[in-house]
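Participant: Below is one structure. I have some questions about it.
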Amino acid sequence: MAAHLSYGRVNLNVLREAVRRELREFLDKCAGSKAIVWDEYLTGPFGLIAQYSLLKEHEVEKMFTLKRSRLPAADVKNIIFFVRPRLELMDIIAENVLSEDRRGPTRDFHILFVPRRSLLCEQRLKDLGVLGSFIHREEYSLDLIPFDGDLLSMESEGAFKECYLESDQTSLYHAAKGLMTLQALYGTIPQIFGKGECARQVANMMIRMKREFTGSQNSIFPVFDNLLLLDRNVDLLTPLATQLTYEGLIDEIYGIQNSYVKLPPEKFASKKQGDGGKDLPTEAKKLQLNSAEELYAEIRDKNFNAVGSVLSKKAKVISAAFEERHNAKTVGEIKQFVSQLPHMQAARGSLANHTSIAELIKDVTTSEDFFDKLTVEQEFMSGIDTDKVNSYIEDCIAQKHPLIKVLRLICLQSVCNSGLKQKVLDYYKREILQTYGYEHILTLHNLEKVGLLKPQTGGRNNYPTIRKTLRLWMDDVNEQNPTDISYVYSGYAPLSVRLAQLLSRPGWRSIEEVLRMLPGPHFEERQPLPTGLQKKRQPGENRVTLIFFLGGVTFAEIAALRFLSQLEDGGTEYVIATTKLINGASWLESLMEKPL
């Protein structure tokens with residue numbers, strides 16, 4: 001059991017156990033010793049479901065990364081390929097299988113497609129002459145992976161691009177399937193709300209799937225009261241801004257992958273190593289970040305400016321706890337102190353790690369460039385000078401700062417101005433192409449197509465109306481003891497989370513005019529429950545809302561939703577699901593055309 005998955009109102013261990021069971025059943029079908037050949041992208045998500053120990057129990061003896069050329073030698077009966085349904089991967093698998101066949105004693109080959117089998121991929125294997133070599137060809141529907149007690153992700157890296165650039169609905173189908181799995185485990189969700197074109201399609205798919213399974217009545221008492229489906233393109237602004245929570249900044253600066261982060265090792269060297277100078281570690285320090293760690297659970301969602309005081313208080317508490325040993329006189333007291341020692345040492349190690357991370361982040365956030373960039377972002381978001389060429393952006397281009405940084409700022413300006421004047425847009429494009437190279441013309445086209453960088457049409461800027469009606473900009477933010485979700489960006493309240501907050505109370509009818517200004521339809525569906533399963537809420541009991549971000553969600557938005565869940569009179573607790581955990585850089589990178 002993963003304890004951090006069961007602390008909330010919804011026990012996500014139930015989901016984790018269901019997918020683990022399915023994995024064990026598949027492994028047991030392939031009797032005898034096994035080697036798994038991994039599609040590298042899947043190793044991170046699988047690590048959150050099953051550690052190596054579980055695979056070992058089911059006779060997995062070797063693990064390799066899928067790559068061209070022959071597989072390493074392994075004295076096993078079964079070779080199992082765990083792969084995403086990608087055509088380019090099928091070519092590598094065929095190469096592996098053919099070279100194994102030439103090697104000698106025959107092995108049993110199996111292939112497990114994650115999350116769906118694909119006819120195109122099987123046809124490619126057939127064309128390459130290896131389809132018949134596979135004894136088991138199955139799918140493993142790993143749609144939603146539990147990351148934390150209130151967080152699920154599909155980790156589908158191309159979802160936003162597929163939906164908004166290529167009009168490919170595959171990831172929406174997987175989202176609908178994932179929601180059906182959740183309903184099978186946690187009961188039918190009585191009310192569905194949504195905003196956006198993709199949200200509408202996912203809701204339609206769910207309703208159709210439910211009709212197709214009419215024979216089996218779901219008799220589980222519903223855990224969720226509402227489902228809110230939100231398109232990422234309803235709120236293009238939030239991921240572009242720099243996140244200012246502790247977890248958000250770790251992701252912005254170092255990137256969090258499948259709840260792990262890799263950090264520069266020199267900050268984590270012990271004093272002894274540091275003194276000699278020659279023994280400094282060179283391997284990146286890899287840390288797991290989730291709420292299983294008490295200190296991280298406490299500081300992850302705080303504004304970074306509020307983290308220092310928490311760490312110094314913790315240091316005093318821990319040091320006082322260690323001093324207690326001098327007061328332990330009797331055998332009983334000594335025994336009690338010794339029993340607490342492992343917990344105290346873990347707390348001290350955790351404090352040391354987070355103090356080092358905070359120092360690394362502080363080096364960045366106190367730099368002049370970080371401050372200048374943040375100032376420009378906050379001016380745009382509060383509606384200052386969004387309609388003309390920005391001198392800071394010009395300087396960044398002239399000094400050839402990373403292209404991602406420049407694009408992020410220009411897209412932010414465009415979104416905060418409902419598009420840029422044609423001459424401003426043309427000027428930026430020309431400067432970028434002349435400085436960074438003409439191969440980026442395709443990237444600029446992609447950004448325009450998804451609505452991130454576009455000319456202003458009709459000459460009307462709706463952003464000020466949206467900003468005022470939804471109170472997206474707050475001037476007096478209390479970062480230490482926040483009273484509003486705007487603390488996660490030190491002034492800007494994420495539009496997506498404000499929509500969720502207003503849906504909960506007083507309801508979307510109060511903001512009909514603004515909803516019409518945002519892209520895509522808004523809708524409400526009811527899923528009837530069998531008699532006896534209707535929920536009677538106890539006085540003071542909060543509703544549980546599952547909010548699904550189609551196209552990605554940032555850690556700052558997650559922090560804002562957790563803040564709402566913890567409000568005394570909030571009335572709603574949130575569980576968050578998404579196609580992918582993103583930040584501004586990883587999101588824009590997914591839309592960039594790679595040079596050939």
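Participant: In whole angstrom, how long is each semi-axis of the equivalent ellipsoid of the range 1-69, when you take the square root of 5 times every eigenvalue of its Cα gyration tensor and sort them from largest down? Don't skip to the end; give the middle numbers.
Facilitator: Numbers: eigenvalues 131, 45, 17 Å².
Here the semi-axes work out to 26, 15, 9 Å.
Participant: Now, a different point. Students often forget the sequence filter, so: which aspartates and glutamates lie under 15 Å Cα-Cα from Lys34 once same-chain residues fewer than 8 apart are removed?
Facilitator: Glu25, Glu57, Glu59, Glu61, Asp75, Glu100, Asp108
Participant: What share of the DSSP beta bridges in the chain is antiparallel, in percent to the nearest 5? Numbers along the way, then the final one.
Facilitator: On the way: 16 of 60 bridges.
Here the antiparallel bridges make up roughly 25 percent for the chain.
Participant: Sticking with this one: Choose one of Leu54, Ile547, Ile576: the residue whose Cα lies farthest towards the positive end of the charge dipole of the chain (beta-carbon charges +1 Lys, Arg; -1 Asp, Glu; about the Cα centre).
Facilitator: Result: Leu54.
Participant: Something else about it: About its Cα centre, what dipole magnitude does the range 26-157 give when the only charges are +1 on Lys and Arg Cβ and -1 on Asp and Glu Cβ, stated in debye to the nearest 20?
Facilitator: On the way: 18 positive and 22 negative charges, 121 e Å.
The calculated dipole for the range 26-157 is roughly 580 debye.
Participant: Same structure again: Around Asn478, with a cut-off of 13 angstrom between Cβ atoms, what is the net charge of the other residues, counting Lys and Arg +1 and Asp and Glu -1? Show your work: numbers first, answer last.
Facilitator: Numbers: positive: Lys302; negative: Asp475, Asp476, Glu479, Asp484.
So the environment of Asn478 carries a net charge of -3.
Participant: Another question, if that's okay. Could you pull out every residue, at least 5 positions away or on a different chain, whose amide H is within less than 5 Å of the one on Ser153? Hs are placed 1.01 Å off N in the peptide plane, and Pro or chain starts have none.
Facilitator: HN-HN under 5 Å from Ser153: Ile145, Phe147, Thr578.
Participant: Here's a follow-up. Before rounding to the nearest 500, sum -39500 (n - 2.57) across all DSSP H runs of length at least 4 in the chain and divide by the residue total; then give [θ] at 222 nm in deg cm²/dmol.
Facilitator: For the chain, the value works out to -14000 deg cm²/dmol.
Participant: For the range 116-185, what's the relative contact order in percent, using C-alpha pairs closer than 8 Å and at least 6 residues apart? Working shown, then result.
Facilitator: Details: 37 pairs, mean separation 14.8, N = 70.
Relative contact order comes out at 21 percent.
Participant: Got the relative contact order for the chain handy, in percent, Cα pairs under 8 Å and 6 or more residues apart?
Facilitator: Working: 918 pairs, mean separation 106.5, N = 596.
Relative contact order here is 18 percent.
Participant: Right, another one. Per-residue HN-Hα couplings for the range 247-262, Karplus 6.51 cos²θ - 1.76 cosθ + 1.60 at θ = phi - 60°, whole Hz, x for Gly and Pro?
Facilitator: Calculated HN-Hα couplings, in order: 5, x, 5, 4, 5, 4, 8, 10, x, 9, 10, 6, 6, 10, 10, 10 Hz.
Participant: Karplus couplings for the range 184-192 from phi (6.51 cos²θ - 1.76 cosθ + 1.60, θ = phi - 60°), rounded to Hz, Gly and Pro as x?
Facilitator: Each residue of the range 184-192 in turn: 5, 8, 10, x, 5, 8, x, 10, 10 Hz.
Participant: Counting Lys +1, Arg +1, Asp -1, Glu -1, what net charge surrounds Lys77 among other residues with beta carbon under 14 Å of its beta carbon?
Facilitator: Numbers: positive: Lys29, Lys34, Lys62, Arg107; negative: Asp28, Glu59, Glu61, Asp75, Glu100, Asp108.
My count for the surroundings of Lys77 gives -2.
Participant: Roughly how many percent of the accessible protein surface of the range 413-554 is carbon and sulfur, given a 1.4 Å probe and a whole-percent answer?
Facilitator: Working: 3360 of 6900 Å².
On the range 413-554, the fraction of accessible area on carbon and sulfur atoms equals 49 percent.
Participant: Could you tell me which of Phe113, Phe64, Val19 has its Cα farthest along the dipole of the range 1-133 towards the positive end, charges placed at Cβ (Lys, Arg +1; Asp, Glu -1), taken about the Cα centre?
Facilitator: Val19
Participant: Here's another thing I want to ask about it. Using amide H atoms built 1.01 Å from N in the peptide plane, name the residues 5+ places from Phe64, or on other chains, whose amide H lies under 5 Å from its own.
Facilitator: Ile36, Val37, Trp38
Participant: May I ask you to compute the full-extension gain from Glu25 to Gln123, defined as 0.36 nm times their residue separation minus their alpha-carbon distance, rounded to one decimal in nm?
Facilitator: Working: separation 98, 0.36 × 98 = 35.28 nm, distance 2.62 nm.
The span from Glu25 to Gln123 would gain 32.7 nm if fully extended.
Participant: What aspartates and glutamates could a cross-link reach from Lys262, if we take a straight Cα to Cα line under 14 Å and drop same-chain neighbours fewer than 8 places away?
Facilitator: Leaving aside aspartates and glutamates fewer than 8 places away in the same chain, those within reach of Lys262 are Glu247, Asp251, Glu252, Glu283.
Participant: Measuring from the lowest to the highest alpha carbon on each principal axis, how far does the range 411-464 reach, largest first, in angstroms?
Facilitator: In descending order, the Cα extents are 34, 20, 17 Å.
Participant: Taking K and R as +1 and D and E as -1, what net charge do the other residues with C-beta under 15 Å from the C-beta of Ile192 add up to?
Facilitator: Details: positive: Lys195, Arg200, Arg208, Lys210, Arg211, Arg526, Arg543; negative: Asp225, Asp231, Glu524, Glu525.
Result for the local shell: +3.
Participant: Another question, then. Starting from a Cα-only point model with no solvent, please compute log10 I(q)/I(0) by Debye for the chain at q = 0.07, 0.09, 0.12 1/Å.
Facilitator: The Cα Debye sum returns log10 ratios of -0.49, -0.82, -1.37.
Participant: Any idea how far the Cα center of the range 510-541 sits from the one of the range 123-190, in Å?
Facilitator: 26
Participant: Using amide H atoms built 1.01 Å from N in the peptide plane, name the residues 5+ places from Thr572, or on other chains, whose amide H lies under 5 Å from its own.
Facilitator: Arg543
Participant: Under a point-charge model restricted to the Cβ atoms of Lys and Arg (+1) and Asp and Glu (-1), what is the dipole moment magnitude of the chain relative to its Cα centre, in debye to the nearest 20? Could you put the intermediate results ahead of the total?
Facilitator: On the way: 75 positive and 77 negative charges, 184 e Å.
In debye, rounded to 20, the chain gives about 880.
Participant: Ok, one more. For the chain, what is the accessible area per residue in Å² when the probe is 1.4 Å?
Facilitator: Values: 27370 Å² over 596 residues.
Each residue of the chain exposes 46 Å² on average to a 1.4 Å probe.
Participant: Distance check, please: which entries in Lys161/Lys454; Lys302/Lys594; Lys373/Lys400; Lys56/Lys210 exceed 26 angstrom between their Cα atoms?
Facilitator: Values: Lys161/Lys454 17 Å; Lys302/Lys594 36 Å; Lys373/Lys400 15 Å; Lys56/Lys210 37 Å.
Among Lys161/Lys454; Lys302/Lys594; Lys373/Lys400; Lys56/Lys210, the Cα-Cα distance tops 26 Å for Lys302/Lys594; Lys56/Lys210.
Participant: What percent does the relative contact order of the range 16-161 come to when contacts are Cα pairs within less than 8 Å and at least six residues apart? All intermediate terms of the calculation are to be shown ahead of the outcome.
Facilitator: Working: 221 pairs, mean separation 33.5, N = 146.
The value is 23 percent.
Participant: Residue by residue through the range 477-482, what is 3J(HN,Hα) from phi via Karplus (6.51 cos²θ - 1.76 cosθ + 1.60, θ = phi - 60°)? Round to whole Hz and write x for glycine and proline.
Facilitator: 9, 9, 6, 6, 10, x
The values are calculated or read from the model by the stated rules, or taken from the named source; none is laboratory data. As the structure is a computational prediction, the values presented were derived from the model and not from experiment. Reconstructed Cβ throughout: ideal geometry from the backbone, glycine too, with neighbour counts over all protein chains shown. Heads up: the accessible areas ignore ligands, DNA and RNA and are worked out on the full protein's heavy atoms, side chains in. Shrake-Rupley method; radii C 1.70, N 1.55, O 1.52, S 1.80 Å.
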